[in-house]
2 protein chains.
Amino acid sequence: MATSLISRQLALSLQKNLWLSAPGCRYVSKAAAKTQVEFDYDGPSMKTTVPGPRSQELTKQLGVIQNVGAVNFFCNYEESRGNYLVDVDGNRMLDIYTQISSIPIGYNHPALLKLMTNPNNLSTFVNRPALGILPPENFPDKLTESLISVAPSGMTRVQTMACGSCSNENAYKAMFIWYRNKERGHKTPSDEDLSSCMINQAPGCPDLSILSFMGGFHGRTLGCLATTHSKVIHKLDVPSFDWPIAPFPKLKYPLEEFTRENAQEEARCLEEVEDLIVKWRQKGMPVAGIVIEPIQAEGGDNHASPDFFKQLRKIARKHGCAFHVDEVQTGGGGTGKFWAHEHWGMDDPADIVSFSKKLLTGGYYHKDELQADKPYRIFNTWMGDPSKNLFLSEVLNVIRRENLLEEVTRSGKALLHGLYELQAQYPGILSAARGQGTFCAIDICDDATRDRILVKARDKGVLLGGCGDRSIRFRPALVFKEYHVHLFLNIFNDVLANLK
Amino acid sequence: MATSLISRQLALSLQKNLWLSAPGCRYVSKAAAKTQVEFDYDGPSMKTTVPGPRSQELTKQLGVIQNVGAVNFFCNYEESRGNYLVDVDGNRMLDIYTQISSIPIGYNHPALLKLMTNPNNLSTFVNRPALGILPPENFPDKLTESLISVAPSGMTRVQTMACGSCSNENAYKAMFIWYRNKERGHKTPSDEDLSSCMINQAPGCPDLSILSFMGGFHGRTLGCLATTHSKVIHKLDVPSFDWPIAPFPKLKYPLEEFTRENAQEEARCLEEVEDLIVKWRQKGMPVAGIVIEPIQAEGGDNHASPDFFKQLRKIARKHGCAFHVDEVQTGGGGTGKFWAHEHWGMDDPADIVSFSKKLLTGGYYHKDELQADKPYRIFNTWMGDPSKNLFLSEVLNVIRRENLLEEVTRSGKALLHGLYELQAQYPGILSAARGQGTFCAIDICDDATRDRILVKARDKGVLLGGCGDRSIRFRPALVFKEYHVHLFLNIFNDVLANLK
């Protein structure tokens, strides 16, 4: 903690020499190599405002078929490269949102294109198997060289799924099954269990719950949605479960400057967690599992300290609840470690870790005892998609070969320091810069200003995403280098300087 | 109905001449061309019992990573062709289960392989977009030429999703949103709606329900699972919603011989549906939607008459409930029509039709008024996968070019007639042969015998799947010709004749 504080201050003072004081006039550090991404473009290039005329025309076309209210613009994925997303009007944008954080090593990475042209891989794409019953010959090997090679500490088992929501839904089921087997003393279910479950009634469909956190996001299918509490638009009008919701710590940033207040806030939340577990047990709806993100992403990039997670893990163990760490958005290297929970420094960080997005396939790791006792309890037709495992293997090769986690750590430091500087320069607009690796965020004074900044940045060739009520989240690919950081900071500074 | 009865009896009498009466000694009809599937093999070829030694070895390997209790054997997808699945021990089986009904036009179809080698398609595989915000340029065109070209009657809107469960989960959400907007008179939600939904409470998370049917299967995520009632193994230990469950008609087969009894049974079930809708409204949990399969598949291939579905549709309309037809297993041509609900002959068959499996992408069609009123209400990161739409376009081309729906109807007739004959020949073992197109099933005297038959057929080179308590379901690809039907019937007869 102390080291990071010193290095931040050192970097800040060093950075200052590289900046001109006039707003809108910031120059790229000479120290940063121009680019180390050979398949990248050398900068944004804007031809129209966004969405341009072609995007607008296509949006109209698609509007006949779907709700297009969320469509930003249409993309030319063929022409997109590395950190740059090209749209259908020929605009080329530095992409710091990467398809909601789901593009691991940039667009059209040569290693992935090469994989596609290998005739040995054709059949994997063309014949999608029912993995749970008829897996392909190379499935154990592919799992071993991909997902198992990056398994969280203490976990050797993994179940693939098609997307993040399915991953969490099935992880919850695994926790419920584990919990009920424990309650039954691992005996055969009673006749009453069997008959009542068919009509959705207890004891077969038990009154169990999952404890989640206010501000958390775990997906939008009905089970997941009962643990998602980030925005009204996700939840309104959908029936839900009466499950306990704990407060997530509201910390002050930078964390290292507010250790005492933050520790108090975390203690308050942990106490509430224990109270809720007891209360829901008394209500007859025991907490089978606790689910939490290492950094609440959709909810506003809310951080908590490693100590908070360590204590929470202990509380889960003490009360016999499974501990599920949802790394759907944080997993895959963006924080500078492959899993964000590695920052906690624990040998036994969780009972379940779920993933999707940058991992290209959904799924979850689990400890041995969280494996369902019988086949077909955790099951569906596809159970993932081996063609995504193929891509993941290659992505992991690239991450290792190009030391991308170290690169992310380096770029992340430059990004966070740049944000600290900007927030010192624009205190009326920016605050609470925070992050791990390039998984950074900053708060804007209000949501209207945030939305204006997003649009203005886009028109200058930088694609960003919002989160929470008034934050901007940075979610570049792992090939986002220091060079790109400075490119971004210059443009961002420009936008802020000219903000009316 | 009358025509089908006559043609069945005619076919039966014709077929008899082609059969030898001795058990285990049935010959292929000369009338059937040997094969019209050019990339097919010419028959099964068995080298070992299944699973063979290599499969067993790989199962052990995979067992270190996952529960392998459901694994049948490992496959060599590279060597599989058309209707034949090849395993890792060199066994080649006629596949009448097709990855739980999810392979539309056989293994390694040349048209799909060709699509993979087209360099213009590479980027679609390598850059998976967040479709809801940044769709690719060809997305409206691809949707139009694929999913929209086969849209159910009365529907011009479609939303893709990653799998069947996600499709149904989001279809349910669409029905809830539609229902609540109606209840609110399409006014802005109240402050109470907004604040209560964040903590899972009514009125924001309303006490609404989906009416489903006993024996139905709609997926295994928590929302879907509350409407699934086919097997204990799917539901045990998972919390659920107190939603109404109606009886599905238990009909006698062949349907045309029991029209009066069956009509009575259907009337009883429809009455129960109305009672439940009233009862749940009185309980304060109004039924927002009714979900049903055109043929209950996982639950045992249970059929109902077109009239039943017409009446049910009327009841839904009368009570203001949305009507959701789940075609995840029945859709895509197996019944001889692209959608099984086309057999009902209705212009306005449903408000929502969901799909997955043979369509290669999940998703659902819906009527205009079922579209959520705001963006991001039906949303997730991927919202499907354009690479699957590519394959689907090509599959639809093949279906049209090769008149595969007509072929399915022809093969289906041969299959059902063959099953009728066998059940006449083995009345102690077989009963209730039934089906539409090649989407057929037959009951076996008990589950142990059913399971023995499945294993014995497999060892003779025919891969089949079970469903319900003691049924066998037939789910061949659309390239399953009359030739393959007779090949199967010969082997099946052999198995039955030698059943100890």
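The values are calculated or read from the model by the stated rules, or taken from the named source; none is laboratory data. This is a predicted model, so every value here is computed, not measured. Because the Cβ atoms are built from the backbone with ideal geometry, glycine has one as well, and the counts that use them run over all protein chains shown.
Overview of results
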item: Any chance residue B:356 is within 26 Å of residue B:149 (Cα to Cα), within 14 Å of chain A (Cβ to nearest Cβ) and under 21 Å from the mean Cα position of the chain (by Cα); result: yes
item: Qualifying residue in region B:144-153 (condition: aliphatic (A, V, I, L, M) and closer than 19 Å to residue B:377 by Cβ); result: no
item: Residue in region B:69-86 that is nearest to the other protein chains (Cβ to nearest Cβ), counting only those that are closer than 20 Å to residue B:452 by Cα and over 22 Å from the mean Cα position of the chain (by Cα); result: B:69
item: Selection count, region B:102-112, where residues are in a helix (DSSP H, G or I) and within 9 Å of chain A (Cβ to nearest Cβ); result: 1
item: Residue match in region A:255-270 (condition: over 12 Å from residue B:205 (Cβ atoms), in contact with a Phe, Trp or Tyr (Cβ under 7 Å, 6 or more places away or on another chain) and of a type in the set (Gly, Ala, Ser)); result: no
item: Pick from region A:55-88, criterion out of contact with any strand residue (DSSP E or B) (no Cβ under 8 Å at 6 or more places or on another chain) and part of a helix (DSSP H, G or I), ranking: surrounded by the most Cβ atoms within 10 Å (Cβ to Cβ); result: A:58
item: Selected residue [farther than 23 Å from residue A:443 by Cβ, outside any loop (DSSP other than H, G, I, E, B) and over 17 Å from the mean Cα position of the chain (by Cα)] from A:308, A:323; result: A:323
item: Sole residue being out of contact with any helix residue (DSSP H, G or I) (no Cβ under 6 Å at 6 or more places or on another chain) and either in contact (Cβ under 8 Å) with a residue 40 or more places away in the chain or assigned by the TED database to the domain that holds residue A:182 (or both), chosen from A:319, A:341, A:324; result: A:341
item: Of all residues in region A:89-101 being part of a loop (DSSP other than H, G, I, E, B) and crowded, with 24+ Cβ neighbours inside 10 Å, the one that is nearest to the other protein chains (Cβ to nearest Cβ); result: A:97
item: Residue in region A:166-189 that is facing chain B (nearest Cβ under 7 Å), touching a helix residue (DSSP H, G or I) at 6+ places or on another chain (Cβ under 8 Å), within 30 Å of residue A:479 (Cβ to Cβ) and touching a residue at least 24 places away in the same chain (Cβ under 8 Å) present; result: yes
item: Qualifying position, being touching a Phe, Trp or Tyr at 6+ places or on another chain (Cβ under 9 Å), more than 15 Å from residue A:235 (Cβ to Cβ) and not aliphatic (A, V, I, L, M), among B:185, B:164; result: B:164
item: Subset tally (residues that are within 7 Å of another protein chain (Cβ to nearest Cβ) and buried (at least 20 other Cβ atoms within 10 Å of the Cβ)) for region B:193-218; result: 7
item: Residue list for region A:229-244, restricted to those being more than 7 Å from every other protein chain (Cβ to nearest Cβ) and in contact (Cβ under 8 Å) with a residue 24 or more places away in the chain; result: A:230, A:231, A:244
item: Those residues of region A:113-156 which are outside any loop (DSSP other than H, G, I, E, B), facing chain B (nearest Cβ under 7 Å), free of Cβ contacts under 8 Å to residues at least 24 places away in the same chain and more than 24 Å from the chain's Cα centre (by Cα), in sequence order; result: A:113, A:116, A:122, A:123, A:126, A:140
item: Criterion violated by residue A:270 - all others in (1) touching a Gly at 6+ places or on another chain (Cβ under 8 Å); (2) farther than 22 Å from residue B:195 by Cβ satisfied; result: (1)
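Residues are listed down the side, and each one gets a yes or a no for (1) over 23 Å from residue A:376 (Cα atoms); (2) within 22 Å of the chain's Cα centre (by Cα):
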residue: B:392; (1), (2): yes, yes
residue: B:410; (1), (2): yes, yes
residue: B:415; (1), (2): yes, yes
residue: B:457; (1), (2): no, no
residue: B:461; (1), (2): yes, no
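Each row is one residue, and each column tells you yes or no for (1) of a type in the set (Lys, Arg); (2) over 18 Å from residue A:438 (Cβ atoms); (3) outside the structural domain of residue A:101 (by the TED database).
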residue: A:455; (1), (2), (3): no, yes, no
residue: A:471; (1), (2), (3): no, no, no
residue: A:481; (1), (2), (3): yes, no, no
residue: A:486; (1), (2), (3): no, no, no
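To keep it simple, each residue is scored yes or no on (1) over 21 Å from residue A:380 (Cα atoms); (2) of a type in the set (Val, Ile, Thr).
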position: B:168; (1), (2): no, no
position: B:172; (1), (2): no, no
position: B:197; (1), (2): yes, no
position: B:201; (1), (2): yes, no
position: B:210; (1), (2): yes, yes
position: B:216; (1), (2): no, no
position: B:219; (1), (2): no, no
position: B:222; (1), (2): no, no
position: B:225; (1), (2): no, no
